[in-house]
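What follows is a set of notes on a single structure, which appears directly below.
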There are 2 protein chains.
Amino acid sequence: MSTEPTVDFSHIESAAERLAGEANRTPVMTSRTLDQITGCRVFLKCENFQRAGAFKFRGAYNAMSRLNADEKAAGVVTHSSGNHAQATALAGRLLDVRVTVAMPLDAPAVKRKATEGYGAEVVTYDPATEVREEVTEALRAGRGLVLIPPFDHPHVIAGQGTAALELMDAVRDGAGDAAGDGRGVELEAMLAPCGGGGLLSGTAIACKSRLPGARVIGVEPEGSDCGNRAFHGGAIARVSHPQTMADGLKSHALGGHTFAAIREHVDQMVTVSEDEIRDTLRFLWERMKLVVEPSGAVGLAPLFHRKLGLEGRAVGVIISGGNADVGAVAEWLGEAAVSLGE
Amino acid sequence: MSTEPTVDFSHIESAAERLAGEANRTPVMTSRTLDQITGCRVFLKCENFQRAGAFKFRGAYNAMSRLNADEKAAGVVTHSSGNHAQATALAGRLLDVRVTVAMPLDAPAVKRKATEGYGAEVVTYDPATEVREEVTEALRAGRGLVLIPPFDHPHVIAGQGTAALELMDAVRDGAGDAAGDGRGVELEAMLAPCGGGGLLSGTAIACKSRLPGARVIGVEPEGSDCGNRAFHGGAIARVSHPQTMADGLKSHALGGHTFAAIREHVDQMVTVSEDEIRDTLRFLWERMKLVVEPSGAVGLAPLFHRKLGLEGRAVGVIISGGNADVGAVAEWLGEAAVSLGE
């Protein structure tokens, strides 16, 4: 397993070309109130508005669009019960590639239905007795499929990096300029959540290439901190039982590609508590009127709680996805509250 | 009471100048899936992202910014338990004008708190024994305040019309162009919800002046249809007990100004059922990841259900606000569902 970076900026630029017209150029949102709370000028890259509801479409589409004709004819396989499953299924439909997804038996029926709705075949396994990587490998070998891993793949990482690229470009061009004076700024820091590290890796490579002086910070829930452990410990670390409401970030370990990229390009890794995630999520829903899933609030959470000393800076944050269970989020947020987005 | 139009396009252009840098130029959102469902090219003007969470800020700020120095020093009064209260309170804070709001005793505590949070004084009355217009008039006369009515006022109507103006401009300039080819279009129809008719009046005046061939359609809930009754009956009609989840549209009657503008400039008035509103709201939350209040889904509902024969057209829709009670909406939407926004 390589620990050298295997993705560079040219791969992200190339991914951006492939994604043009296929992925949404998601909007950059700002809020006067958020700027007051954080003491920063904050620019949110809203990947909750991405196709299939999360940034995952970027990586899946980029990787699958690069398959040769034989590979496309053979079809792909992946394992996921979440956003990567839906993203791969949608990319497969658009690229006319058959998609098989290994999903645990206990995955929510709605997630399975959504993935099947895009035309993918779902193969279930019993997570109590079977290991998902082995199930996926058996499908790959037995059916002659191509594996599209959820994060640890150069083309997946390159695709995810296009979100940060768009954010830097948009902010420079004056996006999120509520006052209407049209003046752009350069970002001085960039935050992204970290699960397996695909989004954070791509974000860091894009950011350090375009804006070398900008600080790149990865954020994890306290209960699912394999990235922090690897970053601070200097070696890939395993978290056996990640625990967090931010289910999109429950990864056991970084991969070789993502560990290398994060070690090389990320300046800081931090964690946030469940309460900090919830407060941030509440603000995003009630004040900014954005349907964001708990994972999608994680990147903003340390800024929202002024844990980073970035006051006065222009800061970009990747809001990673919006595939939230509205009822579950409403319950988690507790007392319902009518609110105002100033 | 005049039934002649008292607002023209120049008033809306003038309001736009006053609102520049104060109101948000809210984004225009599009969705491939929504276009498939409706058979149209749909452009949503997302006033849920407006300051104080709804289009109401436009009218309130425009009206209050036109007060002379004596009037500003005297302060203003209005009656509302909803978005107009918050909008007026925020405009007062920005313009340094004291705001008094008459609010029923049974208004949700959170709405009262939000209005007070912007610095307004809330005066409660018992809706069982007192009439809100009389309470407001007593405050106006007794304290020497200036009345800022929630909809039936030329400056309020002109302010609300700026949302449609921005939408037409943005679509012409290529907004909501997910494919990234940058080509704009001209809207062929425009939909807005109707409560007291301020938003619909402003929208219709703006639209018919800029795009005379475009069709303007007002939409009401079946159980709160004073606009439909007035439009089809040719005279202001009163609905004593409006019933709908779309609480922002529970008006008893159009006003003289709004009736005149709607009769002059609106092509069609339609109603939608509660189920149609709910289906539309669910789509906006689960697929488009937008926190919209039930009233805010009403303008889109007839298009979403293909009730208008607008297939193939470029259609603008004002999504009026996002001050939703997350828990109540989650309950109304029923079974929680993880979903995908394609």
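The values are calculated or read from the model by the stated rules, or taken from the named source; none is laboratory data. It should be emphasised that the depicted structure is a prediction, and the values quoted were computed from it without experimental measurement. Here the Cβ is made from the backbone with ideal geometry for all residues, glycine too, and neighbour counts use every protein chain on show. Note: areas computed on protein heavy atoms with side chains; ligands, DNA, RNA excluded. Shrake-Rupley method; radii C 1.70, N 1.55, O 1.52, S 1.80 Å.
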* Count, please, the residues in segment B:1-57 that happen to be away from every other protein chain (no Cβ under 12 Å), farther than 20 Å from residue B:186 by Cα and in contact (Cβ under 8 Å) with a residue 24 or more places away in the chain. => 14
* To do: Looking only at segment B:85-101, decide whether some residue is under 28 Å from residue B:189 (Cβ atoms) and either surrounded by 24 or more Cβ atoms within 10 Å (Cβ to Cβ) or outside the structural domain of residue B:142 (by TED's automatic domain parsing) (or both).
  => yes
* Structure fact -> If you go through A:195, A:213, A:174, A:202, the only one that is under 30 Å from residue A:33 (Cα atoms), in the same structural domain as residue A:324 (by TED's automatic domain parsing) and touching a Ser or Thr at 6+ places or on another chain (Cβ under 6 Å) is A:195
* Picking from A:296, A:316, which residue would you name as being crowded, with 24+ Cβ neighbours inside 10 Å, part of a helix (DSSP H, G or I) and touching a strand residue (DSSP E or B) at 6+ places or on another chain (Cβ under 6 Å)? -> A:296
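Each row is one residue, and each column tells you yes or no for (1) in contact (Cβ under 8 Å) with a residue 12 or more places away in the chain; (2) open to solvent by less than 20 Å² (accessible area, probe 1.4 Å); (3) among the charged types (D, E, K, R); (4) over 30 Å from residue B:67 (Cα atoms).
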site	(1), (2), (3), (4)
B:137	no, no, yes, no
B:143	yes, no, yes, no
B:166	yes, no, yes, no
B:184	yes, no, no, yes
B:205	yes, yes, no, no
* Asked: Quick check, is residue A:239 touching a Lys or Arg at 6+ places or on another chain (Cβ under 8 Å), within 22 Å of residue A:170 (Cα to Cα) and not polar (S, T, N, Q)?
  -> no
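Just to check your reading of the model, which residue among A:296, A:218 is under 26 Å from residue A:9 (Cβ atoms) and within 14 Å of chain B (Cβ to nearest Cβ)?
A:296
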* Asked: Taking residue B:306, is it open to solvent by 30 Å² or more (accessible area, probe 1.4 Å) and within 14 Å of chain A (Cβ to nearest Cβ)?
  -> no
* Inside segment B:87-103, can you point out the residues that are outside any loop (DSSP other than H, G, I, E, B) and either out of contact with any His (no Cβ under 9 Å at 6 or more places or on another chain) or facing another protein chain (nearest Cβ under 10 Å) (or both)? -> B:87, B:88, B:89, B:90, B:91, B:92, B:93, B:94, B:95, B:99, B:100
* Asked: Picking from B:132, B:172, B:183, which residue would you name as being touching a strand residue (DSSP E or B) at 6+ places or on another chain (Cβ under 8 Å) and among the basic types (Lys, Arg)?
  -> B:132
* Asked: For segment A:61-79, does any single residue satisfy the condition of being assigned to a helix (DSSP H, G or I), of a type outside the set (Ser, Thr, Tyr), open to solvent by 40 Å² or more (accessible area, probe 1.4 Å) and closer than 27 Å to residue A:131 by Cβ?
  -> yes
* Looking at (1) within 21 Å of the chain's Cα centre (by Cα); (2) on the phi < 0 side of the Ramachandran plot, can you tell me which one residue B:52 breaks? -> (2)
* Within segment B:106-121, restricting attention to residues that are among the small types (Gly, Ala, Ser) and more than 7 Å from chain A (Cβ to nearest Cβ), which residue is most open to solvent (accessible area, probe 1.4 Å)? -> B:109
* Kindly check whether there is at least one residue in segment B:145-160 that is under 30 Å from residue B:312 (Cβ atoms), open to solvent by less than 30 Å² (accessible area, probe 1.4 Å) and either modelled with pLDDT of 95 or more or within 14 Å of chain A (Cβ to nearest Cβ) (or both). => yes
* To do: Identify the single condition in (1) within 14 Å of the chain's Cα centre (by Cα); (2) open to solvent by 20 Å² or more (accessible area, probe 1.4 Å); (3) within 28 Å of residue A:211 (Cα to Cα); (4) not acidic (Asp, Glu) that residue A:250 does not satisfy, given that it satisfies every other one.
  => (3)
* Matching residues, segment A:1-60, being assigned to a helix (DSSP H, G or I), basic (Lys, Arg) and open to solvent by 50 Å² or more (accessible area, probe 1.4 Å) -> A:18, A:32
